[in-house]
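Notes for the one structure printed next.
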Amino acid sequence: MTRKTVAFLALLAVLAFSAVRTRAATNNSSYNPNEHLQAPSQAASSQSGFNGFANLLHPDQWQWLKKFSLIDPNSWPFIPVPEVATDPNSGTTVGMLVAFLQTNKRHEITSIFAPDVETNTTLGPGGTFRYLAYPSEDTQWYAVGGIQQKIARFVDVDYQTGLTRQGRWSFEGRFYFERDPTDRFFGVGNNSRFGNQTNYTDEEVFGLATLGYNFNPNLQLSYTFRPRYYRIMRGAFTNLPSISTLFPNQKGLNGGTEVLNVAMLSYDTRDSIEIPRSGGLARVFAGFADRAFMSSMSYTRFGAEVRRYYSLNRRITLVGHVFVEYEPAGNEMPWWTMASLGGEPSLLWDQQTLRGYGAGRFVDNNLAVANFEMRTRVYEMDIFGTHGILELAPFFDIGRVGHSMSYDPFEDTHPVGGIGFRGIAEPFVVGYVDIGFGGEGAAVFSGINYPF
């Protein structure tokens, strides 16, 4: 999926104080079910996200003209951000994003409205609508969508409630549509060659529902149902071969349908969902898709994940993450639903973090990865009506994929080192620009939320 690299000035202007480079801006359709398992330490305003959006148009919002000062950012009605982005998949993008923030009396962000207009060297002019709402500690939702002149389209709407697990049930519902002409495929396997890079357009539509039963605020059993439509078309880049030219016999070239069912047991002791500094998260999952249940393929998958957070002092937090996945399906699975390694966020079976490579760089039936960070808060100030924190995070990632279940996860791995720049607006919002260096050079990623 597309990954945009935001210039460092944009990081200081927006990521450090409003974090509006959403996952929709990165066009990542991958999903991390049950990510929100425990309440943040402080509640946001009880004002609904829908009312928050309506309030943007209220006459009171235009009283800024009486207070406006060019040299005082706190008096600005919105945050203007020049976009200068590069992407190994989609090329260079320039544009302008404007971010409107709403905060409560505790200076916590309750909503972000951040549209932009831009032009890309390959995809042409376009724009993106973004609205993220944090009406309470128990409910969050967002709606985003974008279009560009050449092929690219997406719509992403997500609603979550029961995040605090104080009640018996939690729920998440999501709708996603995407047509992305920048995707890459290098072949299946841990040693797939960079020189075999191909381009294609993926057209994807899925709906998702996750229902969680809360035994207590720490222990949850959940079920995820995700019907998915996936098709492959010609990509936007004429300087790369199409996937059907270089891999004419690759399973999955005609796309398919997938009705995924996953059961997951999780135990969460983190002190915060979005900005954890102590505690941990452990979860195991098992899932299947089957032709007898309207899928075009049959397979099973299972795996486990552990995250751990240690605060050395007020400024420094050490973070560790380990994930393993197995898919005993032989040659049954199409590549676009296999275990995927590469890119920024950790998204369970959809994608795992390896920040020196692009999203989905390595795919195969099985996967193992470990990630480590030292998150260090280096600067804090009140700006744009909220409390902003700038964080530096040197990191190390190492992982691999394997075809056979008997593969050695410690052999022939792909190590990555790098540095992350994070902007935090507590208690919910984290924006990042992470720069990683791997065996094929540098890769840069931006978005919201920690990778794990």
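Any residue in the range 97-112 that's over 24 Å from Gly146 (Cβ atoms): show its pairings with residues that are surrounded by fewer than 17 Cβ atoms within 10 Å (Cβ to Cβ) at Cβ separation under 8 Å, as long as the two are six or more apart or on different chains.
Within 8 Å, the pairs are Arg106/Gln42; His107/Asp382; Glu108/Gln42.
The conditions are (1) without any contact (Cβ under 8 Å) to a residue 60 or more places away in the chain; (2) crowded, with 23+ Cβ neighbours inside 10 Å; (3) of a type in the set (D, E, K, R), and Arg355 fails exactly one of them. Which is it?
Every condition holds for Arg355 apart from (1).
Being β-branched (Val, Ile, Thr) and within 27 Å of Ala339 (Cβ to Cβ) narrows it down to one residue among Thr238, Thr182, Thr164; which is it?
Result of the check over Thr238, Thr182, Thr164: Thr182.
Tally time: how many residues in the range 115-172 are in contact (Cβ under 8 Å) with a residue 60 or more places away in the chain, out of contact with any Asp or Glu (no Cβ under 9 Å at 6 or more places or on another chain) and not in a strand (DSSP E or B)?
7
Sort out for me the strands (runs of 3 or more DSSP E) sitting completely within the range 215-310 that have 2 or more residues that are surrounded by fewer than 19 Cβ atoms within 10 Å (Cβ to Cβ) and of a type in the set (Val, Ile, Thr).
Because the criterion is at least 2 residues that are surrounded by fewer than 19 Cβ atoms within 10 Å (Cβ to Cβ) and of a type in the set (Val, Ile, Thr), the strands (runs of 3 or more DSSP E) in the range 215-310 that meet it are 256-268.
If I ask for residues that are of a type in the set (Gly, Ala, Ser), under 21 Å from the mean Cα position of the chain (by Cα) and modelled with pLDDT of 85 or more, which ones from the range 92-123 would you list?
Of everything in the range 92-123, those that are of a type in the set (Gly, Ala, Ser), under 21 Å from the mean Cα position of the chain (by Cα) and modelled with pLDDT of 85 or more turn out to be Ser111, Ala114.
Mind checking which residues of the range 118-165 are basic (Lys, Arg) and surrounded by 19 or more Cβ atoms within 10 Å (Cβ to Cβ)?
Across the range 118-165, the qualifying residues are Arg130, Arg165.
Return a yes/no flag: does the range 137-160 have any residue that is touching a helix residue (DSSP H, G or I) at 6+ places or on another chain (Cβ under 7 Å), within 29 Å of Gly207 (Cα to Cα) and not acidic (Asp, Glu).
Looking through the range 137-160, at least one residue is touching a helix residue (DSSP H, G or I) at 6+ places or on another chain (Cβ under 7 Å), within 29 Å of Gly207 (Cα to Cα) and not acidic (Asp, Glu).
Say we look at the range 418-440 and pick out the residues that are charged (D, E, K, R) and modelled with pLDDT of 85 or more; which of these is farthest from the chain's Cα centre (by Cα)?
Glu440
The values are calculated or read from the model by the stated rules, or taken from the named source; none is laboratory data. Treat the numbers as computed from the prediction; the structure is a model and nothing was measured. Neighbour counts run over all protein chains shown; Cβ positions are idealised from the backbone, glycine included.
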